[in-house]
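K.L.:
I have a structure I would like to understand better, so I am pasting it below and will then ask my questions one at a time.
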Amino acid sequence: MKPSLILLPILLKLSLSGAKAQVFDAPGSAPAQPGAPSPANPPAKPIFGQELPMVNPGSEIVSWNGQNWNLGDQRLFRARFEKYLAAPAATAAADQEYRDLILGAMKALSPNQPGGPSVANAVALTGKAADYPIDARLCDSLNQAVFSVVLYKKNAKLLADMNKALAQKQKDEAWNLRVSGGATTPNSPPPRPQGGNGQPPAAPPPAQQVSEFSTAGMHIKKMVEIDAARIANSAKMSAAELRAKVEFQALIVQFFLQRRFEHCIIASRLYRALFEDGDAGLKLKEGSDVEKMFVQSTGVTPTVSALDSMASEAIRDVDEGVQAFVYLAERNELESASKRLGEAFLIGEYLPRIRTLEREKKEKVTDFVRQTNQLISAIDVKDYTLAEELVENLRKNARDFDFSKPRAAIETARSASGLHIQQARSAAIAKDDAAVAENIGKAALIWPTNPDLKAFSSQVAAYGDMNSRVLNDLDTLIAQKNYREIFREQTKYAGAVLGKPEYEAKLKTVMEEVGKVERVVMTADELVKSGQSAGAWERLEEIAASYPDDNEVNRRRAELSRQNPDFIHAITEARRHEENARPGISLSWYLKARRAYPPSLFAKQGIDRIADKILPEKPGSAAGF
């Protein structure tokens, strides 16, 4: 099946949150230099060339930035989907008014309207729609873009009128040149001889010749200046037109990627109405994911019309997904119904068909979705007892629930854990404490809440003091705050603490603490691999404040300190001066640190703190000025 494009909600939070914006290069108003960007020589750098997430609906796997995610397993998506299922339908009068305004704007731009598309009517309707909360002021952004195009056209008309005036002035200067220099035109008669007997006229005096040459040069200079001004004005008009088109295209693509398909359609039609020269091709990087997506979906060169049609196709696909959900829910096929509604929600979260779906219809799959999410969590934490109960409930409530995979996972865990428990029993009979601890640890890793494991652990405690020794070691290591050693021998201690709530809580706390450090260490390692060793040092420096004795953190900090001496020195000096109440010097060091590593979190926080001290944002703070 051909992959289709969607944008994950987590990406929306990032853009969806000050994430990297798409940047374009537009030519300036200065005269073009050889090889420089100009209307005839467009910039080599495109505006839309970033990698985008791609989803394969056959496997429900999303690929983005070299990583893969399963749509059904993403906690953020599951949370947003459950929130949507519990939310009431957007059928209030204000919601219907907003949808009528959006639909009216699309109809106002239709060529089938009497009198043709009306940009004025569309802008008026979107201006009203911008006041509704669900719009998030997107219509206002669209109207601002339209206003920018109007300003560009006014400026272009002024420049065109200016060029006409300059052309007339150039003609006047040419006439003055002919008159002042005695120049002749191709149709003018030759000068009449002034000498006697047909002899050539006598040459004018030298002073007269110098005067005539000076006047002619002045007129020629003015003509050249006028011609240069006309060329500069033409370049400004071309550059302004290109910039206006690129900015409008960026807004259209942004609407598409934000899944605001109705806004994308309106913006696309406004673009065609505002720019009547037929130049609707998108400026995409050749070979980029965006360009491939458009080519694979439409089979033609990417254009604004392609975005219009793809947005319409997305709306149709969402409508069919909701229709399929309603049909499947009525047949009690809740698994398929929840998947179809989840797919439609992921693509068209803001479309009317999704927002107006009745809560009563959504309630049919709400419990099923909640239990499937709970089943995923139970399997993740290896709570197979709870997972088995959930599987049985789902089988009873949904006729199409595929229980084979979770059932296989539960049975595999039960068999593997039981085998290790049996081996531990044999080792206990042979009084092999090491083998007992090893097999108990393995069984606990496979199924921590296995009832047989808890029963056997109690039996082992009655026949020896192996657990007592392990627990004493655990107490000693906790007192020494040697959490790393506990983490390395976690299987041994996991078996020893079973059935002892006090020690289970202690071990759980240690594992959570080491887990926090491990996540930071893994993040730092990934930053080092991506060439951001300074950012890795910052992450480790933050966690070191809470865990100063962790060997792995300290070892990596030492290695990264040697790789970023200038950046670390700047941060250290900035903090020292900040502690000594020297904000000006501290700010300069923080700025130096940011120049060394622009994404620095420490530098940003320091600059913000110093700025708040120097320029506090309080009422009346400027009263002394």
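The values are calculated or read from the model by the stated rules, or taken from the named source; none is laboratory data. Note that the structure is a prediction, hence the values are computed from the model and not measured. Ideal geometry is used to build each Cβ from the backbone, glycine not excepted, and the neighbour counts take in all protein chains shown. Heads up: the accessible areas ignore ligands, DNA and RNA and are worked out on the full protein's heavy atoms, side chains in. Shrake-Rupley method; radii C 1.70, N 1.55, O 1.52, S 1.80 Å.
K.L.:
How would you order 348-356, 411-419, 303-311 from highest to lowest mean count of nearby Cβ atoms within 10 Å?
P.N.:
Top to bottom by mean Cβ count within 10 Å: 303-311, 348-356, 411-419.
K.L.:
Over region 324-479, how many percent of alpha carbon pairs lie in each 5 Å bin up to the one with the longest distance?
P.N.:
1, 8, 14, 14, 12, 10, 9, 7, 6, 6, 6, 4, 2, 0, 0
K.L.:
Which order, highest average first, do 332-342, 482-492 follow once you tally other Cβ atoms within 10 Å for each residue and take the mean per peptide?
P.N.:
332-342, 482-492
K.L.:
Where Lys and Arg each count +1 and Asp and Glu each count -1, what net charge lies around residue 134 among other residues with Cβ under 12 Å from its Cβ?
P.N.:
-2
K.L.:
Expressed as a whole percentage, what fraction of the accessible surface of region 319-394 belongs to carbon and sulfur atoms when a 1.4 Å probe is rolled over the protein heavy atoms?
P.N.:
That share works out to 45 percent.
K.L.:
Let me ask you something else. Going through the cross-link list 339/362; 339/396; 516/613; 454/506; 339/405, which pairs have a Cα-Cα distance over 21 Å in this structure?
P.N.:
Beyond 21 Å: 516/613.
K.L.:
In the structure shown, do any of 171/245; 107/154; 508/604 have a Cα-Cα gap over 32 Å, and if so which?
P.N.:
Correct reply: 171/245; 508/604.
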